[in-house]
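What follows is calculated from the coordinates using simple rules that are stated; it is not laboratory data. All figures in this text were calculated on a predicted structure; none of them were measured in a lab. Don't worry about glycine lacking a Cβ; one is built from the backbone with ideal geometry, like all the others, and counts go over all protein chains shown.
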Amino acid sequence: MPKLQKEISLFGLIMIATGSCIGSGIFATPHAIAQHLPNGLLILGVWLLGGIVSITGSLSFAELASRYPKNGGVYVFLKEAYGSLVAFLYGWCILTVITSGAIAALCLVFAKYVDVVVPIGDRGVLFLAAAAIVFVSFINIRGVKWGDNLSKILTVLKLAGIFIIILIGLYYTNLSAPSYTSVGIEKIESMPVAFAAALVGVIFSFGGWHHASYLAAEVKNAKKIIPKAMIIGSIIVTCVYLLSNVAYLNLLGVEGIAADEAVAANAMTQVAPSASLLISILIAVSTLGAAGIYTLTAPRIYYQMAEDGNFFKFLAKIHPQTKVPVNAILVQSGWALVLLFAWSTFQNLIEYVVFMDWVFMTMAAISLFIFRKRSNSSSAYKVPLYPITPAIFIIISTWFVVYLLLGRPVQAFFGIGLLLIGVLVYFVIKKNKNVINTQ
C-alpha cells in the first residue's frame, strides 16, 4: 500500500511556516487597520501584539509537536487531549471553514492584483481566482516535492520582494506625509473596540505558522525539525511585518495608508512611479504561494482523520505514483471553489476564517497544560517560561475569539452552524462502518 514520503527538510518547513503566514495579509489589511487606528504608534502596537501572539503560540505548539510528532499536527494534539469528537470537529472546520476559506481568500487577492497588471474586470477576477485554486491543486497532486518546491520558490521570491520594500521605506521618507507618532488618536471613539477591530486583520495575517505541524509524516526527523520551523518562521514573520509597516508609514503616513487598499503599491510609487506594477506582481506571487502551501498542508489532516477511522475512508487514499493524499486535496479544493463564489469579498472571507480557527487554536494551547499534568508523553523540547508563555497566547486569543463572537456575529454563527453539522456528520460516520477505516 502506498505511503507518504519523508521529503521535506528543515529549510523547506521553515519556508512553509513563513510562507503560510505571509500571503495577502501584509498587503491587504494595513488599509483597514489604519482606518480603525489612525495613529502610527498604535498601528505598530497592534502588529507587535500579533507578533507576541504568534511567537508565544509557536513556542507553545513546539512542545506539542515534540510530544506528538504525527501527521495532522493540531488535529493530533486535540485528539490526544480531548478525544476523537473534538479532533474531528477541528478537521471538519479546517475543511469547511478555515483552510478552504483561506485558500479562497488568498486566490481572490491574487486575482485582484493580476487585474491591476492586466485589467480583467470583476467577473474575470472571480474566475481567475477559481483557476488559481485549480492550479495549486494540480501542483500538489503531482507530489509532495512539487508542493514543497513551489513553496520554497515563491516564499523566497516574496521575502526578497518585501525586503526591497523595507529597504526603500527605511531609506526614503516622504516628507509630505504626516507624522505617524502624534496624530489621529482624537479620531478614535473607543480604543478597545478600535484595537480589537484592527486585530482581526492582524491575526489573519499572522495565522499559518502551525501548518508546519501538519506534515510530520513527510518531514525528516520531525520531532526536532517541526518545533524549530514553527519558532523560526514566526520570528521571521514578526520582523517582516513590523518593518513593512514602518516602511509604509515612512512613505505614506497614516492617512496615506488609510486612503487606499493598494498600500504597498502606493508606497513604492512615492519613490518610483512605475513600481506599482512590480508590487502587484509581488503580491500576486505571494498570495498564490500561500494558497499553494495551504493546499499542501491541510489535506494531511483529512488523511489522518480517515486513517484513524474518523472520516470518510476514501480521503486516506494515497496516489500510487505521486504518494500524496489525492482525494483529500481534491475535496478541499472543491469546497474552496464553493466558498469563493459564495463569499466573494475579502473581508467576509477573513472574518469567516478567523473565528473558528482561533477557537481551536486556543483549545490546542490549553491542551499543553493537560499534557503537563498527565506527564505521560516525552518531549524533546520544553516551552520556555512555562506557564507564562502559553498563558499569554491563551489569554489574548480568548479575548479575540469573544470579540469576534460579539462583534462579527454573522460569520461567527455561520461557523458555529457548520460545527453543529460536523457533530451530526461525526456520529453518522461512526455509525456507518462501511464508510470509515476499520483498522
- Query: log10 I(q)/I(0), Debye, Cα-only the chain, no solvent, q = 0.06, 0.08 Å⁻¹?
  - Reply: -0.23, -0.41
- Mean-square fluctuation maximum in Gaussian network of the chain, Cα pairs under 10 Å, restricted to 234, 274, 333, hits 274
- Filter on 3/158; 79/228; 3/112 - keep pairs with C-alpha separation over 29 Å: 3/158; 3/112
- Task: Return the aspartates and glutamates within reach of residue 317: Cα separation strictly under 14 angstrom, same-chain partners fewer than 8 residues apart disregarded; answer none if there are no such residues.
- Result: 307, 308
- Query: If you build a Gaussian network model of the chain, linking Cα atoms that sit under 10 Å apart, which residue out of 121, 208, 45 swings the most?
  - Reply: 121
- Note on the structure: For residue 369, the net charge from surrounding residues (Cβ-Cβ under 15 Å; K, R +1; D, E -1) works out to +3
- Message: Test of understanding: ordering 122, 308 by Cβ neighbours within 10 Å, fewest first, what list do you get?
- Response: 122, 308
- Task: Rounded to the nearest 10 degrees, what's the angle between the helix 121-141 long axis and the longest principal axis of the chain, both from Cα atoms, 0 to 90?
- Result: 40 degrees
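I want the local charge near residue 31. Using Cβ-Cβ distances under 15 Å, sum +1 for each Lys or Arg and -1 for each Asp or Glu among the other residues.
In short, -2.
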- Item | Counted charge near residue 217, where neighbours are those whose Cβ lies closer than 10 Å (Asp, Glu -1; Lys, Arg +1) | +2
- Report the calculated FRET efficiency for residue 410 and residue 431 (r = Cβ-Cβ distance, R0 = 30 Å), to the nearest 0.05. 0.40
- Calculate the dipole size of segment 10-378 relative to its Cα centre from +1 charges on Lys and Arg beta carbons and -1 charges on Asp and Glu beta carbons; express the result in debye to the nearest 20. 1480 debye
- Listed residue pairs exceeding 21 Å between alpha carbons, taken from 224/313; 70/145; 220/313: 224/313; 220/313
- Cα to Cα, under 14 Å, and not fewer than 8 places away if on the same chain: which aspartates and glutamates meet these conditions relative to residue 323? 7, 148, 218
